[in-house]
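The structure appears below as structure tokens.
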Amino acid sequence: MPTIFGMPPQVLFGQLSLGLINGSFYALLSLGLAVIFGMLNIVNFAHGAVYMMGAFCAYFLLNGIDLPIPWWMAGHFSLMNIHFGSHLSFWWALLLAPIIVGAIGMFLQRVLIARIAGLDHIYGLLLTFGLAAILQGLFQNQFGSSGLPYEIPDGLSGGHNLGFMFLPNYRAFVVGASIVVCFATWFVIERTKLGSYLRAATENPSLVRAFGINVPLMITLTYGFGVALAAFAGVLAAPIYQVRPLMGADLIIVVFAVVVIGGMGSILGSIVTGFGLGIVEGLTKVYYPQASGIVVFVIMAIVLLIKPTGLFGRAA
Amino acid sequence: MNYKIAGLAMAGLMSSVAFAPSALAADKTIVIGNVNDMSSLYADTGGIGSEVAAKMAIEDSGMEKKGWKISVISADHQNKPDVGATLTRQLIDEKHADVIIDTPNSGVALAVAAVVKEKNKVFIPSGAASAALTGAACTPNTVHWTYDTYELAHGTGGAITRAGGKSWFFLTADYAFGKALEADTTAVVKAEGGTVLGHDLHPLNTADFSSFLLQAQASKAQVIGLANAGGDTINSIKQAAEFGIIKGGQTIAPLLLFITDVNAMGLKVAQGLEFTSSFYWDMNDGTRAWAKRFQALDPAHHMPTQGQAGAYAGVLHYLKAVEKVGDPSDGAKVVAEMKALPTDDPLFGKGTVRIDGRVTHPAYLFKVKTPEESKYPWDYYKLVATIPADKAFRPLSESDCPLVKK
Amino acid sequence: MTAISLSEAHGRNRAQKVAMVVMLAVLLAAPFFVYPYFLMQALCFALLACAFNLLVGYVGLLSFGHAMFMGTGAYICAHLAQARGVPVEFAIPAGMLVAALVGVVAGALSIRRQGIYFSMTTLALSQLIYFLALELPFTHGEDGIQPVPQTKIFGGLLDLGHPLQIYYFVLVIFFAGFLLIYRVINSPFGEVLKSIRENEPRAISLGYKVDQYKLMAFVLSATLAGLAGATKALVVQNASLSDVYWTTSGEIVLMTLVGGMGTIFGPVIGAFIVSAMQVYLSGLGQWVTVIQGVIFVTCVLAFRRGIVGEIAAKFGLNL
């Protein structure tokens, strides 16, 4: 059997593909973090929680929401549910969930996050950490920790044998969708007029305000957009990972490391680093699986030693 | 200041702290602590359902009519051994718990067993699988009901290897239970002439099994043994289907499968799986009657799992022993009585509690029905083989439990 | 900064000394009224929060990874005492020492960045330690190390199996750590740290090697966090993954925030409040997480000085 560096090619390419799928999620999430950080100067700790809410939103859109009356109130023999019916497919969820969760995000930004503008950055981190705890705790209470099933959409079930691995169609779609959305975002911010306002408002808010642009509204919309990106990732995740209250809790730490490696200043940087680290993780799973959980953090330590501002970062 | 008096007062206070819980003579109050996973991957297989089962046992014992006060307290160990040990210590010290039941998650169960022994109370694990609980880590205070890793390994591993599944690859949950299950199954597979090609450890509560499954697929093993439980088992089976592993001809062997797992996966995914269990609700009139009573009381209205059935039988037998002893406070004494009394209940039939704390009862090899074969709700299993009580568990001659004299 | 007259400074110090005597008296009497094992756990967290506060309150560095030092201390102590049979009186200092070494490495890496980058870096480094705790053979993965024996120590003088004796043993450790932090804060070294927090460029221009000061504070904080972790391993008789998990780091932040960042007694009060919530509200399940989140949000929006900080500000004291 032919091997590449001592590994059969199907194992190598298989894990690389899986790494690319994971990288799709890293890229979407770190992109959202970078967008929010650029505009609000806040590290959004609640990013994992909104990713989770995106997945739950997809679940609700498909199955409706059951709000059960506790069994001790409903009596022993019946379980009463107030059911808000809905049967919207995965495709609708992909469109609607980011809008709904983004709206919730904008609401939270207006009533809570806006109040700490101008304070030390630490408080933004602490506030969003608290928000994440509230959101995750609420979902855990309502739905338990072990998760709800979400079927792979009919059009994307099955898969193709690529020779080196059996690639499920849905996972291939995830990579494609992530690449399209990431580069569309990059294009809007770096190449359009709207984007130029955004970048200008980041650099010098008072000047942009003087031009008659409503900066607070822009900040709110930006936060909403960053959150919507995370929710989009959540919808993509729903069919392959279980829809679980803590699905974003661990992921966000890895994404933080991705952001530190890439440097927060750069939109393109966060996209490239996201995909790149997914692939590096996949490689690690082939050659030294025990280290796959820590490789991102090790790379982060090395980058910090060599280039403290991150690979694509500007000097602070 | 009179130092002597101060010293005496101090000593008095110290002893009151140390001995407060066991000070009452002829204690007619029994507190049952259900140290369980109330919110995570074992919440459906144990959880609040085990409290329901324990309450049914209290009712059926008829002891409350004779003047005993019996209550159940549930606590969430979050699948963390440190939380489980602290909760147990606190239940015993502050709530005066006399017996701890169920405790799925072997890592937590081993921690709880140590605390219970130190406090001389009783521990009846019915949801924890590690055979070490009646092996190297056995105590005079532990009685292990329902399944253990030896039983599961010999039931499923033996049957599949004998049927021709000679090469195995394991996906193993990275804690006491998973490792024990893998080790026990490996021994059986090798004894039956099979080989083990490799294994992968995954953390508890893993969402994505794709990279593990890819390795299992690449190993070309005939059988992929799942040495995990609950949500982890469900996820690995579903994703194995997604990656075309089942269609590719490899057999998936879940070594521990609960009826609630089958319910969550649906028969379309689960059909054809073969596994070992100590209890199924639809075995005979006794189990059916009890299970329907349970289903009505269970908040989620699930049929009972084998762990919950074990919680019922264990509490029932415990209460019989306490009534005979007359006082629950000396745990080792109660357990000695539990070992002297033969067990008898509608769910597991007649059996005994061995010197190592192992309860013996028959084990069954089941196959999950196809959607067409299933005639009514929860009609999920068909019986393939029965393993008699004396063959189902590790023989005392192989035991490494210090209580077994050789 | 306004100049403080000598007598005023003296008055403030007196408030601190009175508070310290009150705290010690309460802690000495507490085990006769409250479950001692709860108190011991809270004391360990109090020491941990004080160590954390040394960094955030006096250097302005918010570490989101302090669980790594606590976990390191706990794992090393538990391993030595349980698997190697090392007496506890040596296992605890050993845990502390290894935590200090981890602190040197983590500190050298993370103080290269400031502000939130520092926080994220410490968080990521602690996740690295978490994975090591999950993978290394001696930590026993998800099972953790257990049981750590509570035996007689110091040649049989002290019986750790006895609730009151182990309590006072833990209290001594806590108070030693607390006093050390108190001394450091009020030393010239502490003054330099505060000047870095207030205005780092000026401290640099005055010729202070800021990075060295930061690193020393970081290592000291890590060492004491390791001591707290090693002691906790003895108290709860095990070391497990939750000791190194990032949610624990979040709880440490919460304790300090509630009590008051940059106050001497705040972290202690905060640690007791948060520990009590966890233990006595555990019947509420995940609602505890929600309540903690609400407290976080409320503190950040309305009580940034924390309980002790608000009281101190109201009465013009320095606590």
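The condition of being open to solvent by less than 10 Å² (accessible area, probe 1.4 Å) and closer than 24 Å to residue A:109 by Cα does not hold for residue A:266. Every condition in (1) closer than 30 Å to residue A:278 by Cβ; (2) in contact with an Asp or Glu (Cβ under 9 Å, 6 or more places away or on another chain); (3) within 14 Å of chain C (Cβ to nearest Cβ) holds for residue B:180 except the one numbered (1).
Scanning the stretch B:84-119 for residues that are open to solvent by 40 Å² or more (accessible area, probe 1.4 Å) and over 24 Å from residue C:39 (Cβ atoms) returns B:110, B:117. Of all the criteria given as (1) farther than 30 Å from residue C:63 by Cα; (2) at pLDDT 85 or above; (3) basic (Lys, Arg), the one not satisfied by residue A:209 is (2).
Just one of (1) within 11 Å of chain B (Cβ to nearest Cβ); (2) under 20 Å from residue C:177 (Cα atoms); (3) open to solvent by less than 10 Å² (accessible area, probe 1.4 Å) fails for residue C:232. It is (3).
Residues that are assigned to a loop (DSSP other than H, G, I, E, B), at the interface with chain A (Cβ under 10 Å from one of its Cβ atoms) and crowded, with 22+ Cβ neighbours inside 10 Å within the stretch B:210-265 comprise just one, B:243.
Within the stretch B:28-51, restricting attention to residues that are open to solvent by 10 Å² or more (accessible area, probe 1.4 Å) and farther than 17 Å from residue A:144 by Cβ, the residue that is farthest from the chain's Cα centre (by Cα) is B:28.
When B:136, B:173, B:128 are screened for being touching a residue at least 40 places away in the same chain (Cβ under 8 Å), surrounded by 24 or more Cβ atoms within 10 Å (Cβ to Cβ) and under 30 Å from residue B:96 (Cα atoms), only B:128 passes. Scanning the stretch B:351-380 for residues that are open to solvent by 10 Å² or more (accessible area, probe 1.4 Å) and aromatic (Phe, Trp, Tyr), we see that the one that is nearest to residue B:122 (Cα to Cα) is B:364. Take residue B:260 and decide whether it is among the polar types (S, T, N, Q) and touching a helix residue (DSSP H, G or I) at 6+ places or on another chain (Cβ under 7 Å). Against the criterion (among the polar types (S, T, N, Q) and touching a helix residue (DSSP H, G or I) at 6+ places or on another chain (Cβ under 7 Å)), residue B:260 does not qualify.
Looking at B:159, B:207, B:187, B:163, just one residue is surrounded by fewer than 24 Cβ atoms within 10 Å (Cβ to Cβ), without any contact (Cβ under 8 Å) to a residue 24 or more places away in the chain and away from chain C (no Cβ under 14 Å), and that residue is B:163. Scanning the stretch C:120-149 for residues that are part of a loop (DSSP other than H, G, I, E, B), open to solvent by 10 Å² or more (accessible area, probe 1.4 Å) and more than 9 Å from every other protein chain (Cβ to nearest Cβ), we see that the one that is nearest to residue A:294 (Cα to Cα) is C:136.
Residues of the stretch C:47-78 that are hydroxyl-bearing (Ser, Thr, Tyr), closer than 19 Å to residue C:117 by Cα and open to solvent by 10 Å² or more (accessible area, probe 1.4 Å): C:58 alone. The set of residues in the stretch B:290-308 being aliphatic (A, V, I, L, M), open to solvent by less than 10 Å² (accessible area, probe 1.4 Å) and modelled with pLDDT under 95 consists of B:303 alone.
Inclusion of residue C:73 among residues that are under 23 Å from residue C:167 (Cβ atoms) and under 16 Å from the mean Cα position of the chain (by Cα) is warranted. Scanning for something acidic (Asp, Glu), under 20 Å from the mean Cα position of the chain (by Cα), open to solvent by less than 20 Å² (accessible area, probe 1.4 Å) and assigned by TED's automatic domain parsing to the domain that holds residue B:294, does the stretch B:330-350 turn up at least one residue? Scanning the stretch B:330-350, I find at least one residue that is acidic (Asp, Glu), under 20 Å from the mean Cα position of the chain (by Cα), open to solvent by less than 20 Å² (accessible area, probe 1.4 Å) and assigned by TED's automatic domain parsing to the domain that holds residue B:294, so the answer is yes. From the list C:165, C:212, the lone residue that is at pLDDT 90 or above, in a helix (DSSP H, G or I) and within 14 Å of chain B (Cβ to nearest Cβ) is C:165. For residue C:221, the requirement of being buried (at least 23 other Cβ atoms within 10 Å of the Cβ) and either outside any helix (DSSP H, G or I) or away from chain A (no Cβ under 12 Å) (or both) is met. Residue A:40 fulfils the conditions (1) among the aliphatic types (A, V, I, L, M); (2) buried (at least 24 other Cβ atoms within 10 Å of the Cβ); (3) closer than 13 Å to residue A:224 by Cα except for a single criterion, (2).
Looking across the stretch C:286-319, the residues that are assigned to a helix (DSSP H, G or I), of a type in the set (Phe, Trp, Tyr) and open to solvent by 10 Å² or more (accessible area, probe 1.4 Å) come down to C:287, C:315. Residues in the stretch A:138-151 that are in contact (Cβ under 8 Å) with a residue 40 or more places away in the chain and in a helix (DSSP H, G or I): A:139, A:140, A:143. Candidates A:223, A:241: the one that is assigned to a loop (DSSP other than H, G, I, E, B) and either more than 14 Å from chain C (Cβ to nearest Cβ) or among the charged types (D, E, K, R) (or both) is A:241.
Residues in the stretch A:115-125 that are in contact (Cβ under 8 Å) with a residue 60 or more places away in the chain and open to solvent by less than 50 Å² (accessible area, probe 1.4 Å) were compared, and the one that is nearest to the chain's Cα centre (by Cα) is A:125.
When the stretch A:271-316 is limited to residues that are among the hydroxyl-bearing types (Ser, Thr, Tyr) and open to solvent by less than 30 Å² (accessible area, probe 1.4 Å), the one that is farthest from the other protein chains (Cβ to nearest Cβ) turns out to be A:273. Looking only at the stretch B:166-177, filter to residues that are among the aliphatic types (A, V, I, L, M) and more than 18 Å from residue B:400 (Cβ to Cβ); which one of those is farthest from the other protein chains (Cβ to nearest Cβ)? Per the stated criteria, the residue is B:171. Checked against (1) in contact with a strand residue (DSSP E or B) (Cβ under 8 Å, 6 or more places away or on another chain); (2) open to solvent by 40 Å² or more (accessible area, probe 1.4 Å), residue A:243 passes all but condition (2).
Taken over the stretch C:150-161, residues that are over 15 Å from residue C:79 (Cα atoms) and at the interface with another protein chain (Cβ under 10 Å from one of its Cβ atoms) amount to 1.
The values are calculated or read from the model by the stated rules, or taken from the named source; none is laboratory data. In this text, all values refer to a predicted model and were calculated from it rather than measured experimentally. Here the Cβ is made from the backbone with ideal geometry for all residues, glycine too, and neighbour counts use every protein chain on show. With ligands, DNA and RNA removed, areas are computed over all heavy atoms of the protein, side chains included. Shrake-Rupley method; radii C 1.70, N 1.55, O 1.52, S 1.80 Å.
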